[in-house]
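Notes for the one structure printed next.
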Amino acid sequence: MLLTNATTRLHVDLAALDVLSEFDAIVSSAETGFPKPDPGAFAAAEAAASAALGESVAGSSILFIDDTVAHVQAAEDRGWRATQFVGGPALDAMLRAAQLVP
């Protein structure tokens, strides 16, 4: 799932990059009216992920990665597992520790 504070061009841009189909759900503040770190952004993401997967998705079942400390804190406040992106090697280590990549 992608949760972003993007523009109304997000779907066009992702299609142009040929990555649109890589996401089960896409939640953009341009569409919801709730930019991160507003709790509404995270609620919309939970709802979109739940709809896409056909099961309730919330809390610690979500791993959130963002480069902005306030966004990470807001996700943690919602009960999500969250980490600040500081670079590729740290992200790789975190994903391996969470057993999300081999």
- Could you check how much of the accessible area of the stretch 12-102 is carbon and sulfur, as a whole percent, using a 1.4 Å probe? 56
- Query: For the stretch 49-102, what does the equivalent ellipsoid look like in terms of its semi-axes, each the square root of 5 times an eigenvalue of the Cα gyration tensor, given largest first in whole Å?
  - Reply: 20, 16, 8
- Task: Over the chain, average the accessible area per residue using a 1.4 Å probe and give it in Å², no decimals.
- Result: 59
- Task: Using the Karplus curve 6.51 cos²θ - 1.76 cosθ + 1.60 with θ = phi - 60°, work out ³J(HN,Hα) for each residue of the stretch 66-75 in order, rounded to whole Hz, and write x for Gly and Pro.
- Result: 8, 8, 10, 4, 4, 6, 4, 5, 5, 5
- Query: Got the relative contact order for the chain handy, in percent, Cα pairs under 8 Å and 6 or more residues apart?
  - Reply: 19
- Message: What is the distance in Å between the Cα centroid of the stretch 65-99 and that of the stretch 22-51?
- Response: 17
- Note on the structure: Options [x] 1.13; [y] 0.93; [z] 0.95 are given for Rg/Rh (Cα atoms, Kirkwood Rh), and the computed one is [z]
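The values are calculated or read from the model by the stated rules, or taken from the named source; none is laboratory data. Please read all numbers here as calculations on a predicted model, not as lab measurements. Keep in mind that these areas ignore ligands, DNA and RNA; they rest on the heavy atoms of the full protein, side chains included. Shrake-Rupley method; radii C 1.70, N 1.55, O 1.52, S 1.80 Å.
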